[in-house]
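Below: the structure, in structure tokens.
The values are calculated or read from the model by the stated rules, or taken from the named source; none is laboratory data. Because the structure is a prediction, the values reported are computed rather than measured. Cβ placement follows ideal geometry from the backbone for every residue including glycine, while neighbour counts extend to all protein chains displayed. For the accessible areas, the whole protein counts, side chains as well, though only heavy atoms, and no ligand, DNA or RNA atoms are used. Shrake-Rupley method; radii C 1.70, N 1.55, O 1.52, S 1.80 Å.
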Amino acid sequence: MIGSHRLRRLAPLGVAAVLALALAACAQSYPNSTFTPHSDLGRSIDFLWNRLMFFGTIVFVLVEGALIYVVIRYRRRSEDVTPPQTHGHVLLEITWTLIPAAILAFIAVPTVRTIFQTQAPAPANSLVIDVYGHQWWWEFRYPQYNFTTANEIYIPKGRTVDLVLHSKDVIHSFWVPQLAGKRDAIPNHTNHIWFTPDSNMATTVWNGFCTEYCGDSHGEMHFRVVTVNPDQFASWVTRQQAPGFFSPPPAPAAPAAPAAGAAPAAPAAPTPAAPTATPAQLAAYILPRAEVPDYAIPHTPFPDAIKFDDKLQGDPAAGEKLFVGAGTCNACHTVAGNPLAVGMIGPNLTHVGSRIAIAAGMYVNDKPHLSRWIKNARLMKSGVLMPTLGKGQYDPQTKATTPSGLSDQQVADLVAYLQALK
Ligand code: CUA
């Protein structure tokens, strides 16, 4: 038996533990909490959770209360007395069948109703996004607007978004805790998840996750969802539809007036059009970096083993040449508008410069991380397909050192090019 002085010593500890737990529940920022839904679907699921919790708590208190009462009231008081024995009690048995049946009905009816609601086809005017899970990143296609992006989507507040879930390899699962989910992305099978982000919510970023174990880097298969106003969304779409470009288009030269009496010059052969964008596309909306909440910015440090001279200045034009050189980046990556860059294996990089993160949300999208990623992605993320490109780098998958490969200056040129693809 615990002595009363020992109980008195333990009591403050218990009170402190309960207080700490209560205070932790009051903390402000739970960016990945599913208990603060910002969409119709999120609220439906939250309602079911609350109802289950309510009835579950009643059952727990009644059952545990009865158990404790019986254990104390009918405990064995003496070795010599056999307690009265009973067998069967019709009223009791009917009661403990009817009560759970009623509770199950209260739970089952809204559950089944929600399942049917969320499995129904999305409303006809929904924003459709084709989602493809890859090991370990997300591809997002907007078929109504004809562009593709990776690991980051913008959705307008107040408009239903219909995510059509596919997988290119194994089973993944789509989850944005504050908006919607979870729903699996399955090979050779199409799933839908649709929801309407609240129209009065903030213009901000939400974290998304893969929530079905899918191999080495399952834990680093994130994405970002940016909820914006409808006009901001329309503007962002014009930018996404623009080709990848790394500098504003040059102002068109005024045609020279032909000199009097001179024979009209033969029209010059048109030079191939460089990827350019219209002024409207150049001015299009991207969530300013200053408005990205800290929880949406990855803080994973790069491995010290990958050395890079961060002071090197890159040349985007040289980077673009490297990008489309034989058998390099363009074998796997697309930059829309560049006919030499149509690879489909890796993420579409048309506007990679404007994204918050690289490597499916694992690293912040800046020069120190991007340069090291290009040099040796496999040291930065376990199991990735992206080859080790830096000269003299150790490849943890082939267990060999890359004899040839990119110099640091070439890496800096590629970074300058990619960063310019806003
Ligand atoms: Cu994809 Cu876990």
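Where residues in segment 362-394 are surrounded by fewer than 18 Cβ atoms within 10 Å (Cβ to Cβ) and among the charged types (D, E, K, R), which of them is farthest from N348 (Cα to Cα)?
K391
Would you confirm whether or not segment 112-122 contains a residue that is over 21 Å from D40 (Cβ atoms), in contact (Cβ under 8 Å) with a residue 12 or more places away in the chain and within 28 Å of the chain's Cα centre (by Cα)? Don't jump to the end; show me each part of the working.
Within segment 112-122, the first condition is being over 21 Å from D40 (Cβ atoms), and the residues that meet it are none.
No; the residues of segment 112-122 include none that is over 21 Å from D40 (Cβ atoms), in contact (Cβ under 8 Å) with a residue 12 or more places away in the chain and within 28 Å of the chain's Cα centre (by Cα).
Tell me the residue from T211, T227 that is more than 15 Å from the ligand (Cβ to nearest atom), at pLDDT 95 or above, in contact with a strand residue (DSSP E or B) (Cβ under 6 Å, 6 or more places away or on another chain) and within 23 Å of W49 (Cβ to Cβ), please.
Working: T211 fails: more than 15 Å from the ligand (Cβ to nearest atom).
On inspection, the qualifying residue turns out to be T227.
If a residue must be within 16 Å of the ligand (Cβ to nearest atom) and open to solvent by 50 Å² or more (accessible area, probe 1.4 Å), how many such residues does segment 189-202 contain?
So the count comes out to 1.
Can you tell me which residue within segment 172-188, out of those that are among the aliphatic types (A, V, I, L, M) and either within 11 Å of the chain's Cα centre (by Cα) or open to solvent by 30 Å² or more (accessible area, probe 1.4 Å) (or both), is nearest to the ligand (Cβ to nearest atom)? Outline the logic, then answer.
We begin by selecting, within segment 172-188, every residue among the aliphatic types (A, V, I, L, M); these are 176, 179-180, 185-186.
Subsequent filtering for residues that are either within 11 Å of the chain's Cα centre (by Cα) or open to solvent by 30 Å² or more (accessible area, probe 1.4 Å) (or both) retains 176, 186.
Details: V176: 14, I186: 11 Å.
Top of the filtered list is I186.
Please go through segment 215-235 and pick out each residue that is out of contact with any Pro (no Cβ under 9 Å at 6 or more places or on another chain) and open to solvent by less than 10 Å² (accessible area, probe 1.4 Å).
Listed by number, the residues that qualify are S217, M221, F223, V226.
Filter segment 30-89 for residues that are within 16 Å of F106 (Cβ to Cβ) and among the basic types (K, R) and give the result.
R51
Any idea which of (1) over 28 Å from the mean Cα position of the chain (by Cα); (2) in the same structural domain as D413 (by TED's automatic domain parsing) is the one C332 doesn't satisfy?
Exception for C332: condition (1).
Quick test for you: out of N200, N188, pick the one residue that is of a type outside the set (D, E), free of Cβ contacts under 8 Å to residues at least 60 places away in the same chain and on the phi > 0 side of the Ramachandran plot.
Values: N200 fails: on the phi > 0 side of the Ramachandran plot.
Result of the check over N200, N188: N188.
Looking at L7, L13, L41, L23, which one is open to solvent by 60 Å² or more (accessible area, probe 1.4 Å), modelled with pLDDT of 75 or more, aliphatic (A, V, I, L, M) and assigned to a helix (DSSP H, G or I)? Reasoning before the result, please.
Working: L7 fails: modelled with pLDDT of 75 or more; L41 fails: open to solvent by 60 Å² or more (accessible area, probe 1.4 Å); L23 fails: modelled with pLDDT of 75 or more.
Just one listed residue meets the conditions, L13.
Are there any pairs, at least 6 apart or on different chains, whose C-beta atoms fall under 6 Å, with the first in segment 319-339 and under 16 Å from L406 (Cα atoms) and the second of a type in the set (A, V, I, L, M), and if so, which?
Close Cβ pairs (under 6 Å, with a partner that is of a type in the set (A, V, I, L, M)) amount to G319/L414; G319/A416; L322/L414; V324/L340; V324/A341; N330/V324; N330/L340; N330/A341.
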